[in-house]
Structure formats: C-alpha cells, structure tokens
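Notes for the one structure printed next.
The values are calculated or read from the model by the stated rules, or taken from the named source; none is laboratory data. None of these values were measured; they are calculated from a predicted model. Every residue, glycine among them, receives a Cβ derived from its backbone with ideal geometry; neighbour counts consider all protein chains shown.
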Amino acid sequence: MIEYTDKKLMKLIRDGDAQAFETIYHRYNFKIYNYILRYTGNCEIAQDLLQETFTRVWTAAHTFRLKEGHFKAWLYKIALNLTRSEMSKKRYAFHYQDITDATMTHRNLRSKAIDQPDTKFENLEIKKALYQEINKLKPHHREVIIMKLFQQLKFREIAQITDTPEGTIKARFHHAVAQLKKHKTLFGDD
Amino acid sequence: MNHDNKNELLALYFQEGHSHRIKKSSEHVKQCDECQQYLHEIENIDQKFSLLSEETLPSQLNEQILKAILQKKQPHVQRRFIFNPRRIVQFIFSFIGLVVLFVLIKQTIIASIFPHIKDCWMIESIGELGLSAFILWILGFIVCIIITPVLILEYQNPLNETKYSWKYLYSK
C-alpha cells in the first residue's frame, strides 16, 4: 500500500481499512508530530495532539471530500485547529523550554561540527534562543514560520490550510522576519 | 521596498511561482542592494532554523497510538443519494452541447429534411448555418427560462455548499 496515493488510501480508510490507515499514519506522523512540537514546544502535548489528529482522520474520514479535497491540507488543518484550541487554553506557555531541555540529549544535529564540545555548547545555546524567539512570535506569525521553514510547505498550501489568502500569508511571513531580525545577536551577520 | 517586491523576493528565494517571474526577480536583485539585503536576512533566518533538527517518535509510541486509534469504531455513515439540481443542469448543457455539435456537422442536412425550406426567405438571407444558429438561440433561450428556477433552488439548497456551487462563490 506504500505506493498508494493519499486519496486512494482515504477511500479505503472510509471503508474501515486499518492497513490503509497505518500506511497514512506512517507517512505523516513524523511531519505532524514535529509541526505540533514546534508550535507548542511541549513533547507530551505534541504526542497527545498527534494521537488526537489521527483519531480525527480515522473517525471523520467520511467527511473528507475525495473528489476536490487535498489530504495533506486537510490533515494539517485538523492538526492546526487542535493545536490552536490547545494553545488558547494558555497553560502551556511555560512548558516551552521542554523541547530544548528534554530532547537535546538524543537529537541529531545537521551540523557536522557539533561533535566538537565548544561548538556543541554553542549550538545548544543557539537552539534555546531560537525556540525562545519562536515562542515570542504572535501565533499567526509562528504558524507561518513553522509551516514554511520547518515543514517546507508552499505558501499556496499554507494558505489552503489556514483558510487565508496567499498574500496575507506572505505578509505574515514578512512580519515574522521583521520580528525575528530584531534579535541581532542571533540573526545578525555571522 | 513595498510588499509586492518583497513577495517577488519570497518567490525567488523559495523558488515558488513561474520561472519567468523568478528570472525577472533574479535580474532585479543583482542590481538592487536593498533586495539583496532582504534576501540575505531571510537566508540567515532560514539557516539558523535549519539547526533545529526534527524529532523522531519512539516506535513503541507509534504502536500505542495506532492501537488506541484503531480500537475506536468509525461512525456508521449511511451513504444516501442527494438530489442535486446541478446534475440536471449539467445534463441539460451536455445535451445542448451534443445538439450543437450535431447541428453544426449536419447543418447541411436541414435542407434535405425540410425540402421546402430552401425557398424560405430566411435561408436566402442568412443561409443554413445562420438559420441553425437562430434555432439554437431560440432553444437556448427556452432552456434558460426552464433552468432559472432550478438554479435558484440550487442556490438555496444548504447541501450545495461545495467549492463549485453558486452559494459558495457568492458567500466568498
């Protein structure tokens, strides 16, 4: 089933096919988990919301429009709505540090120079600062930055997910960039 | 730098959009210091964020999640046929399309079906093709009168809140 398209899998899921669901879960769990994690900054919440997102996919599969629907956008929309709803409770803000503290130990860094102790420490500091900067952004700006820079989604896709015009999404991106570059030590010239 | 210019820079940096548009922006950036600076800022932020690698989920957790989800029963949804007037409209227009094709191809046969039509003043003045067009126009007019109430019904039908429905378009 790995070679099946999302729509074909969704058709099977609508008919209660567990194997098709597993395939689609393994196809997107990584992306969705990281998306929620970046947004909330809390591993436990991200795991719970991941489960909730895919529970919705399973139980509400019949509401997905097979003809004109775009599965990826639909899935991200579910995750986004759940995350927004969770964040609106405003009780997770202080947990945002979790992501840096709890996961630093087993995370693989892209930079090869990380093996050097000094660089490692420096990168940890940078990462902490980056998470703090993300947390400082307004929710709408944070969403766009996460979807664009972490999830590598296209602006058109982000617009579809958030039900917002593409121009507005780009404007939010510019605002977020303007906000981020205020932190000159982090985003200034090396 | 206004927002339009900035959007062009985003298209250039993320390689989204038409190639000619990207090429145009690229040529502009070579000459514009301000745009170069903005691109550099985006690149810098992007590079910094790339330091944050993505987390993986423990396979055990994946199994737990899958098990928990699949234990839940999917709601039984009875699929019923929804009467959609748009289907009738589609059918009518398809039929008209076929008639148009048939008439345009076979329009020379009109005279053979109605031999006396050759003497008609209309044929003399507008020709067989013109007559066919006139007949079609009359037919189209009649069809429009028939389908208008159907379109109004469709607009009022709450089930038709789909991407292509009139209601959706007007609500936007």
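Out of A:Arg27, A:Arg38, I need the residue that is more than 11 Å from every other protein chain (Cβ to nearest Cβ), assigned to a helix (DSSP H, G or I), under 15 Å from B:Leu57 (Cα atoms) and of a type outside the set (A, V, I, L, M, F, W, C). Which one?
Criteria check complete, one pass: A:Arg27.
May I ask you to list the residues in the range B:13-59 that are among the basic types (Lys, Arg) and within 33 Å of the chain's Cα centre (by Cα)?
The answer is B:Arg21, B:Lys23, B:Lys24.
Is there a residue being at pLDDT below 90 and either in the same structural domain as A:Gln132 (by TED's automatic domain parsing) or surrounded by fewer than 18 Cβ atoms within 10 Å (Cβ to Cβ) (or both) anywhere in the range A:38-45?
Yes; the residues of the range A:38-45 include at least one that is at pLDDT below 90 and either in the same structural domain as A:Gln132 (by TED's automatic domain parsing) or surrounded by fewer than 18 Cβ atoms within 10 Å (Cβ to Cβ) (or both).
Mind telling me which of the residues B:Ile69, B:Ile96 ends up being assigned to a helix (DSSP H, G or I), within 14 Å of chain A (Cβ to nearest Cβ) and among the aliphatic types (A, V, I, L, M)? Step through it out loud before you land on a result.
Working: B:Ile96 fails: within 14 Å of chain A (Cβ to nearest Cβ).
Unique residue meeting the criteria: B:Ile69.
Sort out which residues of the range A:134-171 are crowded, with 18+ Cβ neighbours inside 10 Å, within 11 Å of chain B (Cβ to nearest Cβ) and among the basic types (Lys, Arg), and write them in order of number.
Those that are crowded, with 18+ Cβ neighbours inside 10 Å, within 11 Å of chain B (Cβ to nearest Cβ) and among the basic types (Lys, Arg): A:Lys148, A:Lys170.
For the range A:55-73: of the residues being more than 10 Å from chain B (Cβ to nearest Cβ) and surrounded by 15 or more Cβ atoms within 10 Å (Cβ to Cβ), which is farthest from A:Arg156 (Cα to Cα)?
Only one residue tops the list, namely A:Phe64.
Given the conditions (1) at pLDDT 90 or above; (2) crowded, with 17+ Cβ neighbours inside 10 Å, report the number of the one that A:His175 does not fulfil.
Answer for A:His175: the failing condition is (2).
Which count do you get for residues in the range B:1-56 that are of a type in the set (A, V, I, L, M), facing another protein chain (nearest Cβ under 7 Å) and either closer than 18 Å to A:His174 by Cβ or surrounded by fewer than 18 Cβ atoms within 10 Å (Cβ to Cβ) (or both)?
Qualifying residue count for the region: 4.
Take the range A:1-26 and flag every residue that is over 24 Å from A:Leu49 (Cα atoms) and in contact with a His (Cβ under 8 Å, 6 or more places away or on another chain).
Across the range A:1-26, there are no qualifying residues.
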